[in-house]
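The values are calculated or read from the model by the stated rules, or taken from the named source; none is laboratory data. Keep in mind that what you see is a predicted model, and the values were worked out from it rather than measured. Here Cβ is always computed from backbone atoms with ideal geometry, including for glycine, and neighbour counts include all displayed protein chains.
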Amino acid sequence: MKNTTRKKILIIDDDPFIADMYVVKFKAEGFEVEAANNGKTGIERATKMKPDIILLDVVMPAIDGFDVLQKLRGDASLGHPKIIFLTNFGQREDIERGMQLGADGYIIKAHFTPSEVSAKVKELLVQ
């Protein structure tokens, strides 16, 4: 496993409990982590932070996760961070839409523990 100390993770989720839980989890594992509580702030943080990976919720006020993904994928200055949807929005159409828009993964919150999400993040970071 590569050294994760310098890898940056951005969590974009309007649920403070979820965001805080993952911030704590990933910081404990040696990542640099920031969180944003809505899509607009998430886009701004991504532009400044240039994260290696972004965990993105779908249902958020103002700008939903699908629109955030499109905006991030359209910003060449970000490079090409890995973007994983981390959401409870799990209909087949939503998953297909997310993947077609350029997501690198789609995780249903209720189906995965934080440790499983962390394992998926690490797996994507070494690809």
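Screening Asn88 on (1) touching a helix residue (DSSP H, G or I) at 6+ places or on another chain (Cβ under 9 Å); (2) modelled with pLDDT of 95 or more shows it passes everything except condition (2). In this entry, Asp15 passes the filter for residues that are among the acidic types (Asp, Glu) and over 10 Å from the mean Cα position of the chain (by Cα).
If the condition is being touching a Lys or Arg at 6+ places or on another chain (Cβ under 8 Å) and β-branched (Val, Ile, Thr), then segment 13-57 contributes Ile18, Val33, Ile43, Ile53, Ile54. Checked against (1) part of a helix (DSSP H, G or I); (2) loosely packed, with under 13 Cβ neighbours inside 10 Å; (3) not hydroxyl-bearing (Ser, Thr, Tyr), Leu69 meets all criteria but (2). In this structure, Gly74 does not qualify as surrounded by 15 or more Cβ atoms within 10 Å (Cβ to Cβ) and either at positive phi or among the small types (Gly, Ala, Ser) (or both). Counting only residues that are outside any loop (DSSP other than H, G, I, E, B) and in contact (Cβ under 8 Å) with a residue 24 or more places away in the chain, how many does segment 9-40 have? Number of matching residues: 15.
For Lys27, the conditions (1) surrounded by 15 or more Cβ atoms within 10 Å (Cβ to Cβ); (2) touching a strand residue (DSSP E or B) at 6+ places or on another chain (Cβ under 7 Å); (3) not aliphatic (A, V, I, L, M) are fulfilled apart from (1). Can you tell me which residues in segment 44-65 are closer than 24 Å to Gln127 by Cβ and surrounded by 17 or more Cβ atoms within 10 Å (Cβ to Cβ)? Result: Arg45, Ala46, Met49, Pro51, Asp52, Ile53, Ile54, Leu55, Leu56, Asp57, Val58, Gly65.
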